[in-house]
1. Would you mind stating whether residue 30 is modelled with pLDDT of 95 or more and of a type in the set (Ser, Thr, Tyr)?
2. Any chance you could count how many residues in segment 1-20 are at pLDDT below 85 and in contact with a Phe, Trp or Tyr (Cβ under 6 Å, 6 or more places away or on another chain)?
3. Tally up the residues in segment 28-53 that are among the small types (Gly, Ala, Ser) and either in contact with a strand residue (DSSP E or B) (Cβ under 7 Å, 6 or more places away or on another chain) or assigned to a loop (DSSP other than H, G, I, E, B) (or both), please.
4. How many of the residues making up segment 1-42 are small (Gly, Ala, Ser) and in contact with a Ser or Thr (Cβ under 9 Å, 6 or more places away or on another chain)?
5. Among the residues of segment 50-86, write down those that are over 23 Å from residue 7 (Cβ atoms) and either β-branched (Val, Ile, Thr) or modelled with pLDDT of 80 or more (or both).
Amino acid sequence: MKTRFLATMSHDIRTPLNGIIGMVNMGNQYADDPQMQQKIREKVMESLKYLVSLVNDVLGMNKLQSGDLKDSVEYYGQCHKIQSGG
């Protein structure tokens with residue numbers, strides 16, 4: 001099960017990273033095209049958000065397995081109250 005998980009994670013991490021590399025290279029080719037630069041930045045941001053979400057999911061799963069999730073949920077609730085002014 002661990003081997004399958006690592007294989008899946010390897011693919012799920014490498015795919016957006018390779019996409020980011022490709023988009024940055026593409027951005028270099030379209031340095032004088034502001035519209036294309038904007039599209040490229042949007043795609044890079046989309047890939048980065050996916051990677052952050054993936055890392056957060058893996059870390060959350062690790063906390064769930066170790067029993068630390070309760071503390072994280074309480075911490076999140078406190079942070080959310082502070083950010084929302086409550």
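1. yes
2. The total comes to 0.
3. Count: 1.
4. Going through segment 1-42 one residue at a time, the tally reaches 1.
5. 73, 82, listed by residue number.
This table checks each residue for (1) among the hydroxyl-bearing types (Ser, Thr, Tyr); (2) surrounded by 13 or more Cβ atoms within 10 Å (Cβ to Cβ); (3) over 16 Å from residue 57 (Cα atoms).
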site	(1), (2), (3)
5	no, no, no
9	no, yes, no
12	no, yes, no
21	no, no, yes
28	no, no, yes
31	no, no, yes
37	no, yes, yes
43	no, yes, yes
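The values are calculated or read from the model by the stated rules, or taken from the named source; none is laboratory data. These figures come from a predicted structure and were not determined experimentally. Heads up, the Cβs are rebuilt from the backbone with ideal geometry, glycines too, and the neighbour counts pull from every protein chain shown.
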